Amino acid sequence: MPNQYVKHNRARIKQGRRDESTRMLMQFFNELQGNVQGLRGYMILDNIKDEQESIVLTFWQTKEQMEDFYRPENKTLTEFVERAKPLFEQMPERSDHIVKEIRLS
């Protein structure tokens with residue numbers, strides 16, 4: 001498997017607002033799918049024990065494409081973050097990763 005890059009976004013959501021946040025994320029990424037070069041997919045995870053934690057993983061073909069999407073000048077991402085800001089208890093923390101192996105059955 002060629003390298004695949006992952007952006008890990010961990011967010012703290014205001015109490016009682018996680019479902020709204022998840023809906024916004026699903027709509028945002030559904031609109032992006034197939035329209036952003038290098039975006040291979042995404043995963044939205046809601047913590048089972050902590051109702052205020054959400055994690056979003058985005059999967060990228062190249063590191064450069066991932067970095068390009070997450071640059072501050074990306075108007076599409078910046079506008080989404082501004083719309084979502086009222087839902088955040090704190091802004092998302094981001095980190096970069098390389099997929100070494102993934103198996104789903």
Cα→Cβ-extended label distance, 7 Å offset, between I48 and R71, nm = 4.1 nm
Using a simple charge model, +1 on the beta-carbon of Lys and Arg, -1 on the beta-carbon of Asp and Glu, nothing else, what dipole does the chain show about its Cα centre, in debye to the nearest 20?
-> 120 debye
Residue farthest toward the positive end of the dipole of the chain, with Cβ of Lys/Arg at +1 and Asp/Glu at -1: which of L25, F80, H97?
-> H97
With a Förster radius of 35 Å, plug the Cβ-Cβ distance of Q37 and Q90 into 1/(1 + (r/R0)^6) and report the FRET value to the nearest 0.05.
-> 0.70
From the square roots a ≥ b ≥ c of the eigenvalues of the alpha-carbon gyration tensor of segment 1-61, which class results: rounded (a/c under 1.5), prolate (a/b over b/c), or oblate?
-> oblate
Counting pairs of alpha carbon atoms under 8 Å apart in space and at least six apart in sequence, what relative contact order in percent does segment 4-95 give?
-> 46 percent
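Scaled to the compact-protein estimate 2.2 N^0.38 Å, what is the alpha-carbon radius of gyration of the chain, rounded to two decimal places?
1.07
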Packing-wise, with mean Cβ within 10 Å as the measure, how do 83-92, 4-13 rank, highest first?
-> 4-13, 83-92
If you add up the charges near T58, with Lys and Arg at +1 and Asp and Glu at -1, over every other residue whose beta carbon is less than 9 angstrom from its beta carbon, what do you get?
-> +2
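Just so you know, all these numbers are worked out from the coordinates, no wet-lab data involved. Quick caveat: nothing in here was measured; it's all calculated off a predicted structure. Using ideal geometry, Cβ is built from the backbone for each residue, glycine included, and neighbour counts are taken over all protein chains shown.
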